[in-house]
Amino acid sequence: MSAEIDCLFCKISAGQIPAEIVIETVSAIAFRDIDPKAPTHVLVIPRTHFADVTELAQKNPNLAGELMSIAAEVAKLEGLSTGYRVVTNNGEDAGQSVSHVHFHVLGGRSLSWPPG
Ligand code: AMP
């Protein structure tokens, strides 16, 4: 399992920085976003460090699928029966602010589309 020394989400995965965990597996972790943009806002990350979706898809597409399953499980646990959004910001133009791939699971209210 690789970890980047200065990566915030590697530190959360390792338990070095606290987070409100929703689901934990051997290879992934889901925890509440510190600055929620919806009543439910959970981040799903792999424990192994990948900078973004491009790197994850190239190096471990099976893990990408597992992260989607966890996102669906989060939605079920959080009772998002009327809908939810799974979104990932990939790179600068998309506004990615943490360079450890993560999927936002958002729900609990009507979500506008398209995003800004
Ligand atoms: P992005 O801008 O798509 O890279 O998403 C990064 C997300 O990480 C933002 O929604 C932040 O609110 C969230 N975030 C930053 N620091 C923490 C933290 N310590 N615990 C939980 N979420 C965080």
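Read the figures in this text as sums done on the coordinates, not as results from a lab. What you see is a predicted model, and the numbers here were worked out from it, not measured in a lab. Heads up, the Cβs are rebuilt from the backbone with ideal geometry, glycines too, and the neighbour counts pull from every protein chain shown.
For the reader, a short list of remarks on this structure follows.
- Condition check for S112 on (1) small (G, A, S); (2) within 13 Å of the chain's Cα centre (by Cα); (3) part of a loop (DSSP other than H, G, I, E, B); (4) surrounded by fewer than 16 Cβ atoms within 10 Å (Cβ to Cβ): one failure, at (2).
- Of the criteria (1) more than 20 Å from Q96 (Cα to Cα); (2) in contact with a helix residue (DSSP H, G or I) (Cβ under 9 Å, 6 or more places away or on another chain); (3) not in a loop (DSSP other than H, G, I, E, B), which one N62 fails: (2)
- The requirement of being part of a helix (DSSP H, G or I) and within 11 Å of the ligand (Cβ to nearest atom) is satisfied by K11.
- The single condition among (1) more than 17 Å from N89 (Cα to Cα); (2) part of a loop (DSSP other than H, G, I, E, B) that P36 does not meet is (1).
- Here the condition is being surrounded by fewer than 16 Cβ atoms within 10 Å (Cβ to Cβ), within 14 Å of the ligand (Cβ to nearest atom) and within 22 Å of D6 (Cα to Cα); of I21, I29, it holds for I21 alone.
- First in the stretch 86-105 and on the phi < 0 side of the Ramachandran plot and surrounded by fewer than 17 Cβ atoms within 10 Å (Cβ to Cβ), second anywhere and among the aromatic types (F, W, Y) and not in a strand (DSSP E or B), Cβ under 8 Å, 6 or more apart: V98/F9
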